[in-house]
Amino acid sequence: MPDRTAFLRDRLEELRSQGLYNTIRHLQGPQGPWLDVDGRRVLNFCSNNYLGLANHPRLVAAAHTALERFGVGPGAVRTIAGTLTLHDQLEERLARFKGVPAAISLQSGFVANLGTIAALVGEGDAVISDELNHASIVDGVRLTKAARSIYRHADPADLERAIREARAGGARQVLVITDGVFSMDGDVAPLDAIVAVAEPHEALVMVDDAHGEGVLGRGGRGIVDHFGLHGRVDVEVGTMSKAFGVMGGYVAGSEVLVEWLRQRARPFLFSSAVTAADVAACLAAVDLLEESTELVDRLWDNARRFKEMMSAAGFDIGVSTTPITPVMLGEAALAQQVSGRLFDEEAVFAQAIGFPTVPRGKARIRVMVSAAHSLEDLERGAAAFTRVARDLGLVP
Ligand SMILES: *Cc1c(COP(=O)(O)O)cnc(C)c1O
């Protein structure tokens, strides 16, 4: 039989030659500040496990208990096979945590964006999206028949232009969508200004809080809390896979929004829900966040310290105002080289990120500091970066 997939070999070769080929490391143990990767113990600067909850004993215990009681599989989608009381509990708890009337749990943050946008707007409507929004928003926008436009990154004036154009074109609903924290740069959307621009035009505002919850706001309640915008943001999308340390996604907002999504969000109707063990672990994560701000405070302390060390060493760490620390390197091949040497020579696992995740020529190593890192870990990491970068003549 002829190999009709052979053309993909050339494409892969192209990726390799451009330094854009992703090497995936193999983990032999749980997430944490240190990892067992490809047979070695390495310092972990890669994961979105902001608060160190991915292997927290209370989450693991909660998952165990749920596993015993509810088993492993959901049987079918929730609209057909019924919904676990655990899912109901998580939705109530998330709504309370976010300070909104209701929430709906979905399989992932990616899926939450895919399902929500097309459920809210269609033909005759308009959707307006920040140019640097996450891939799951970009794909979600592709699934709607609404007219689409893009506004310049984090630019409320350009957003206003786009809203006026949509209104002038006769759009019924206008939906504005932004990431809360932009995951590759670590900058925060000017949500207060976005809301101020959207309100007079009666545009809906949707924010993806994937890198904001567990990080921004009081005790990690997210970007809406950070800006004090309760009741003024219509749709909040979230993930349970980052600061919450588990798996799953959700949408939070008004009762009617959530009721509509239960009827019309296609991933809710056509894909099974996250398992009982996942949901129980998520509930334990919400418990922990509500009990204390200690982990969130430590995350910010650690991030501030690491950034100080990297700036002092002469690195360009971009425009981040959150714990995300991009070490800007320029060409993808250079970022891959630095990342490879950090791993091989220094036992530091810090992944290079290039096009299409970030624009060409803006490749970087994105360091993700967590609450679980010790000061010694951070010092060791910064020293490793400095040794490799000095050797390459990148810093003095
Ligand atoms: C990570 C991320 C997602 C996807 O979340 P998952 O739950 O991992 O699917 C969606 N949006 C943004 C902005 C993200 O950073």
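The values are calculated or read from the model by the stated rules, or taken from the named source; none is laboratory data. Since the structure is predicted, the reported quantities are computational estimates derived from the model, not experimental observations. Here the Cβ positions follow ideal geometry from the backbone for every residue, glycine too, while neighbour counts run over all protein chains shown. In case anyone asks, the SASA skips ligands and DNA or RNA and just uses the protein heavy atoms, side chains included. Shrake-Rupley method; radii C 1.70, N 1.55, O 1.52, S 1.80 Å.
Report the FRET efficiency, 1/(1 + (r/R0)^6), for A383 and V319, where r is their Cβ-Cβ distance and R0 is 22 Å, rounded to 0.05. Mind showing how you got there, number by number?
Working: r = 24 Å, r/R0 = 1.11.
So, using R0 = 22 Å, E works out to roughly 0.35.
Just to compare against my own numbers: the Cα pair-distance distribution for the range 243-396, 10 Å bins, whole % per bin, please.
Per 10 Å bin, starting at 0, the Cα pair percentages come out as 10, 29, 26, 22, 11, 2.
Counting only Cα, what are the radius of gyration and maximum Cα-Cα distance Dmax of the range 316-396, in Å?
In Å, with Rg to one decimal and Dmax whole: 12.2, 34.
Using the eigenvalues of the Cα gyration tensor, what equivalent ellipsoid semi-axes result for the range 45-92 when each is taken as the square root of five times the eigenvalue, whole Å, largest first?
On the way: eigenvalues 131, 39, 24 Å².
Calculated on Cα positions only, the semi-axes equal 26, 14, 11 Å.
With just the Cα atoms of the range 1-158, tell me how far they stretch along each of the three principal axes, in Å, largest first.
Largest first, the range 1-158 extends 53, 49, 46 Å along its Cα principal axes.
Using a 7 Å offset from the Cα along the Cα-to-Cβ direction at both W34 and K145, what is the distance between the two label points in nm, to one decimal?
Simple spin-label model gives 5.8 nm for this pair.
Could you tell me the convex hull volume per residue, in Å³, taken over the Cα atoms of the range 79-204? Could the numbers behind the result be given before it?
On the way: hull volume 15.8 nm³, N = 126.
Per-residue hull volume (Cα only) is 125 Å³.
Quick one: the Cα spread of the range 57-291 along its three principal axes, in angstroms, biggest first?
Principal extents (largest minus smallest coordinate, Cα): 57, 36, 29 Å.
Please report the carbon-and-sulfur percent of the accessible area for the range 321-387; probe 1.4 Å, protein heavy atoms only, DNA, RNA and ligands left out.
Values: 1300 of 2510 Å².
With neighbouring chains kept in place, the figure for the range 321-387 is 52 percent.
In whole percent, and with a 1.4 Å probe on the protein chains, what portion of the accessible area of the range 57-291 is carbon and sulfur?
54 percent
Count neighbours as other Cβ atoms within 10 Å of each site's Cβ, and list the trypsin sites (Lys or Arg not before Pro) in the range 1-96 that are DSSP loop with at most 11 such neighbours.
Working: sites: R4, R9, R11, R16, R25, R40, R41, R58, R69, R78, R93, R96; in loops: R4, R25.
Those satisfying the criteria are R4.
Over the chain, with the other protein chains present, what is the accessible area per residue in square angstrom, probe 1.4 angstrom? Each step should come with its number before you reach the end.
Numbers: 17730 Å² over 396 residues.
Here the per-residue accessible area is 45 Å².
Put a dot 7 Å past each Cα toward the Cβ at V395 and Q263; how far apart are the dots in nm?
Inter-label distance under the simple model: 5.6 nm.
Only Cα pairs within less than 10 Å get springs; with that Gaussian network setup on the chain, which residue of H56, H134, H211 has the largest fluctuation?
In the Gaussian network model the winner is H56.
Mind listing which trypsin sites (Lys or Arg not before Pro) in the range 339-389 are in a DSSP loop and have 14 or fewer other Cβ atoms within 10 Å? It would help to have the intermediate numbers written out before the result.
Values: sites: R341, R360, K362, R364, R366, R380, R387; in loops: R360, K362.
Of the trypsin sites (Lys or Arg not before Pro), the ones in loops of the range 339-389 whose Cβ has at most 14 other Cβ atoms within 10 Å are R360.
So if I average 1/r over every pair of distinct C-alpha atoms in the range 226-267 and take the inverse, what Kirkwood radius in Å does that give?
On the way: mean 1/r = 0.0850 Å⁻¹.
For the range 226-267, the Kirkwood estimate is 11.8 Å.
Taking every Cα atom in the chain, find the radius of gyration and the maximum pairwise distance Dmax, and write them in Å.
Computed over the Cα atoms of the chain, radius of gyration and Dmax are 21.6, 63 Å.
With a cut-off of 8 Å between alpha carbons and a minimum separation of six or more residues, what is the relative contact order of the chain in percent? Let's see the in-between values first.
Details: 807 pairs, mean separation 86.8, N = 396.
Averaging sequence separation for qualifying contacts and normalising by length gives 22 percent for the chain.
Calculate for the chain the 222 nm mean residue ellipticity that helices alone would give, adding -39,500 (n - 2.57) per DSSP H run of length 4 or more and normalising by residue count, nearest 500 deg cm²/dmol.
Details: 15 runs with 171 residues, N = 396.
Result for the chain: -13000 deg cm²/dmol, rounded to the nearest 500.
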